[in-house]
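Visitor: I'd like to ask some things about the structure below.
The values are calculated or read from the model by the stated rules, or taken from the named source; none is laboratory data. All values reported here derive from a predicted model rather than from experimental measurement. A quick note on method: Cβ atoms are made from the backbone with ideal geometry, for glycine too, and the neighbour counts reach across all protein chains shown.
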Amino acid sequence: MSAFLTIAVIHLLALMSPGPDFAIIVKQSLSQPRKIVLWTALGVALGILVHVAYSLLGLGLIIAQSIVLFSLIKLAGAAYLIFIGWKSLTAKTPAHHQEQTRHASAVMSIPQAVRIGFLCNALNPKVTIFFLALFTQVIDPQTPLSVQLLYGLFMSAQTFFWFSTLASVLTLRPVRSCLDVIHLWAERVMGVILIALGIKVALSTRG
């Protein structure tokens with residue numbers, strides 16, 4: 001139980017720290033209906049399972065120690081964040097047309113929403129290092145594989161709960177009304193933040 005509580009607290013603090021996942025949920029909340037943002041949150045949670053899987057298989061250590069593999073994941077993640085950020089930065093939708101476009105062609109499909117959240121998390125090399133540290137330094141190596149898997153499933157569920165709660169708050173009618181007033185500028189700000197995060201990921205090291 002003490003190990004479980006330690007993992008729960010550490011992971012929650014990591015989730016609450018501003019980063020690519022947080023930024024993508026805020027970005028989605030600016031332009032998509034709540035249902036789509038919740039599907040994006042699910043995509044982020046599914047991305048967690050990728051990190052859990054290779055940590056359990058011992059691949060996390062290989063990725064962390066391989067300059068080539070780490071660099072490939074790092075650059076792919078950075079390029080993806082910069083691409084999404086650029087799309088936000090160059091958004092041309094006027095704020096007073098936001099409600100119409102949200103319910104028209106601008107609304108993402110569910111697969112698109114899941115994919116954008118999934119790739120944002122799965123391609124983040126810092127999450128790779130986080131889970132490697134978690135499974136090698138916090139979780140006892142003698143812990144049964146089934147219990148470690150339960151830890152992983154819990155962290156995925158915790159991720160979905162946190163970001164779905166954030167999405168639900170950001171898409172409340174009063175909050176959404178305020179965001180709609182500054183929508184175009186908010187999109188551009190989030191674009192700059194996502195591009196900055198992409199550059200930060202590209203320049204990150206394994207330490």
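Visitor: Would you call Phe161 at pLDDT 95 or above, within 16 Å of Met16 (Cα to Cα) and surrounded by fewer than 20 Cβ atoms within 10 Å (Cβ to Cβ)?
Guide: yes
Visitor: Among the numbered criteria (1) out of contact with any Cys (no Cβ under 6 Å at 6 or more places or on another chain); (2) surrounded by 19 or more Cβ atoms within 10 Å (Cβ to Cβ), which one does Leu12 miss?
Guide: Of the numbered conditions (1) out of contact with any Cys (no Cβ under 6 Å at 6 or more places or on another chain); (2) surrounded by 19 or more Cβ atoms within 10 Å (Cβ to Cβ), the odd one out for Leu12 is (2).
Visitor: Go through the range 110-145 and give me each residue that's part of a helix (DSSP H, G or I) and more than 25 Å from Tyr80 (Cα to Cα).
Guide: Leu134, Phe135, Thr136, Gln137, Val138, Leu145
Visitor: Sticking with this one: Pick from the range 22-54 the residues that are closer than 19 Å to Leu12 by Cα and among the small types (Gly, Ala, Ser): which of them is surrounded by the fewest Cβ atoms within 10 Å (Cβ to Cβ)?
Guide: Looking at the filtered set, the residue picked out is Ala23.
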